[in-house]
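The numbers here are math on the coordinates, done by the rules we state, and not lab data. Because the structure is a prediction, the values reported are computed rather than measured. In this analysis, Cβ positions are derived from the backbone assuming ideal geometry, glycine residues included, and neighbour counts consider all displayed protein chains.
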Amino acid sequence: MGKKKKSGTKKAPESTTPFSDALRADPGTELAGIAPRSTPAFGGDKSDGREALDDLVAAVSDLQERLFAESVAGGTRSILLVVQGMDTSGKGGIMRHVVGAVDPQGVDITSFKAPTAEEQKHPFLWRIRKALPTAGQIGVFDRSHYEDVLVVRVHDLVPRAQWARRYGQINTFEESVADQDTTIIKVLLHISKEEQEERLAERLERPEKHWKFTPGDIDEREYWDDYAQAYQAVIDKTSTDVAPWYVVPADRKWYARLAVMTLLKEHLEALDPQWPEASFDVEQQQERLKDS
């Protein structure tokens, strides 16, 4: 007989709205109108969210393995997950609790820092192209080419005419990536200024968190409104049919992790990767194994 469920155990609420519909941000979507503490497409609380996230791991791992196996048999499909957000918005948590929950052999994470001297000698997309996922892989960008229309724009690191051209260049680039059988999932972790202050304060209060803090984090808060405008421009100019943006409210860490994992699951399900058929006679090999 199977185990009986403990009395009082409740099942996490199921959403009838796909996260990919609830979180999609097409051009014209006002970021200022999205509450950073909201939980679109999910009606549960924190414990429900953690339970739902745990429940997703097996399904996503299975789909990821199918995608990887498909490539071994000659498949060309892959996924690129782009994660953007202000400091403390939870990118590290996404890497640990979402990306880190699946088989590492099928995942490739690239964290883009300030460009090196070598990278600065090339067009801004040069280092991005080098990091694109190969067939069967889930490539993850912790920050990305969008830094070149966010930080660069806010701090006037290049002339306006130069960064303004980059929106079109990004769209053309992402279209070419999609044409190569890569599904692009772009996530903006949407955090409030108040929540960021609390998270920075926690890093300062706890010695084991000091390594995560840099004085520059406070300096960047002076540009909060400028970043808000820059992110709004990114939504308006680069959310396309082949590479739409998904705005994930990020004041609740548990929800942001659940949302990104669900987005990944929904896109993998849409790909519907299949186990490849054996290229050998299975029964013959079973007989050989018995005789070996």
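At most 11 other Cβ atoms within 10 Å plus a DSSP loop assignment makes a site exposed; report the longest stretch of the chain without any exposed GluC sites (Glu not before Pro).
It works out to 119-221.
Along the three principal axes, how long is the chain when you take its alpha carbons, biggest first, rounded to the nearest angstrom?
72, 54, 40
How long is the gain from E208 to S292 if the chain were fully straight, where each residue apart is worth 0.36 nm and the alpha carbon distance is subtracted?
24.6 nm
Can you run phi through the Karplus equation (6.51, -1.76, 1.60; θ = phi - 60°) for the stretch 255-266 and list ³J(HN,Hα) in whole Hz, with x for Gly and Pro?
6, 4, 5, 4, 5, 5, 4, 5, 4, 5, 4, 4
Report the Cα-based extents of the stretch 116-159 along its three principal axes, largest first, to the nearest Å.
38, 20, 13
Computed FRET efficiency, Cβ-Cβ of Y167 and S47, R0 35 Å: what is it to the nearest 0.05?
FRET efficiency, Y167 to S47: 0.25.
With the contact rule set at Cα under 8 Å and sequence spacing of 6 or more, what percent relative contact order holds for the chain?
Normalised by residue count, the contact order of the chain is 32 percent.
Most mobile of A59, A41, A117 per a Gaussian network model of the chain (Cα springs, under 10 Å)?
Looking only at A59, A41, A117, the largest GNM fluctuation is found for A117.
Once phi is turned into ³J(HN,Hα) by the Karplus curve 6.51 cos²θ - 1.76 cosθ + 1.60 with θ = phi - 60°, what whole-Hz value does each residue of the stretch 217-223 show in order, with x for glycine and proline?
With coefficients 6.51, -1.76 and 1.60, one gets 4, 6, 4, 5, 5, 5, 9 Hz.
What's the long-distance tail for the stretch 180-292, i.e. % of Cα pairs beyond 18 Å?
Value for the stretch 180-292 (Cα pairs over 18 Å): 70 percent.
Two decimals is fine: what is log10 I(q)/I(0) at q = 0.15, 0.20, 0.23 Å⁻¹ for the stretch 165-223, from a Debye sum with one equal scatterer on every Cα and no solvent?
Values, matching the q order: -0.69, -0.79, -0.89.
Would you please give the residues with an amide H less than 5 Å from that of H190, counting only those at least 5 places away or on a separate chain, with H modeled from the backbone geometry?
V248, A250
Can you tell me the orientation of helix 193-205 relative to the chain, as the angle in degrees between its alpha-carbon axis and the longest Cα principal axis, to the nearest 10?
On a 0 to 90 degree scale, this one is about 80.
Calculate the spin-label point distance for W224 paired with K121, positioning each point 7 Å from the Cα along the beta-carbon direction, and give it in nanometres.
Roughly 4.2 nm, to one decimal.
Take the alpha-carbon centre of the stretch 122-136, take the same for the stretch 37-59, and report the distance between them in whole Å.
Cα centroid to Cα centroid, the span is 32 Å.
Long-range amide H contacts for L81: which residues qualify at under 5 Å (H placed 1.01 Å from N, peptide plane, sequence gap of 5 or more or a different chain)?
G139, V140, F141, I185
So between M95 and R37, what do we pick up on full extension, going 0.36 nm a residue minus the alpha carbon distance?
Length gained between M95 and R37: 18.8 nm.
How high is the FRET efficiency between D55 and D103 when r is their beta carbon distance and R₀ equals 22 Å, given to the nearest 0.05?
For R0 = 22 Å, the calculated efficiency reads 0.80.
Between the DSSP loop rule and a limit of at most 15 other Cβ atoms within 10 Å, which trypsin sites (Lys or Arg not before Pro) in the stretch 51-141 are left?
Hits after loop and neighbour filter: K113.
Across the stretch 38-46, in residue order, what do the Karplus-derived ³J(HN,Hα) couplings come to in whole Hz, using 6.51 cos²θ - 1.76 cosθ + 1.60 with θ = phi - 60° and x for Gly and Pro?
With coefficients 6.51, -1.76 and 1.60, one gets 6, 9, x, 6, 9, x, x, 9, 4 Hz.
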